[in-house]
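These notes are about the structure you will find just below.
The values are calculated or read from the model by the stated rules, or taken from the named source; none is laboratory data. Since the model is a prediction, treat every value here as computed from it, not as a measurement. Counting neighbours? That spans all protein chains shown, and the Cβs are built from the backbone with ideal geometry, glycine included.
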Amino acid sequence: MAKLTILCQLNKGCMGCCGHDFDSVERIKEAIKLNIQEFELVNGNDEQGLLGFRDRADAYDLRFGVCRNLIESDRKLFCPLHPALHQGKDLREGHCEIDHLCRTAKEFANWSPEKQKQFLRFISEKNLDSVEYSLQMDNNQLLEEFLKRTW
Ligand code: SF4
């Protein structure tokens with residue numbers, strides 16, 4: 001969940017930037033479940049509650065490679081500190097690398113609209129769940145496969 005590019009919103013949210021050296025898909029899902037349990041203990045509607053949630057662990061104290069702030073609701077992955085949820089105020093500031101973009105997102109931004117559409121179609125046909133999608137964005141698998149096939 002980096003800056004905004006449409007790629008971060010696909011497949012019910014990408015968490016490729018929300019950690020590194022990820023463990024297995026099962027462990028990632030377990031980490032998110034534990035994060036949700038901890039999030040339920042704070043007042044998520046209150047800034048102080050959110051900051052307390054954020055600061056309960058260091059930004060680089062990951063769980064199976066996953067950021068401890070990453071949660072899920074209605075089967076969508078998201079960061080409760082993201083500015084899209086706080087009228088533009090970014091509660092991640094000073095905590096994680098909010099300007100990071102993956103290689104795929106950077107290359108995608110420079111493609112023609114036609115090539116971008118092809119990539120979006122390519123992703124949609126893969127029918128990946130959010131965690132599989134995130135891992136394949138983070139390790140450039142989708143990008144490399146797409147580039148080999150089409151251009
Ligand atoms: S890995 Fe790429 S697509 Fe996924 S959240 Fe980060 S910048 Fe967005």
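What pairs come out if I take residues in the stretch 128-145 that are closer than 19 Å to LYS12 by Cβ and without any contact (Cβ under 8 Å) to a residue 24 or more places away in the chain and pair them with residues that are within 10 Å of the ligand (Cβ to nearest atom) and of a type in the set (Ser, Thr, Tyr) whose C-beta lies under 8 Å away, six or more apart or interchain?
none
Report those helices (runs of 4 or more DSSP H) wholly inside the stretch 1-113 carrying at least 1 residues which are more than 11 Å from the ligand (Cβ to nearest atom) and more than 12 Å from the chain's Cα centre (by Cα). It would help to see each step written out before you state the result.
Details: elements: 25-39, 47-54, 103-109.
Passing ranges, in order: 25-39, 47-54.
Output the number of residues of the stretch 25-72 satisfying the condition of being at positive phi and modelled with pLDDT under 95.
0
Check whether at least one residue in the stretch 73-92 is surrounded by 17 or more Cβ atoms within 10 Å (Cβ to Cβ) and either aromatic (Phe, Trp, Tyr) or on the phi > 0 side of the Ramachandran plot (or both), and report yes or no.
Yes; the residues of the stretch 73-92 include at least one that is surrounded by 17 or more Cβ atoms within 10 Å (Cβ to Cβ) and either aromatic (Phe, Trp, Tyr) or on the phi > 0 side of the Ramachandran plot (or both).
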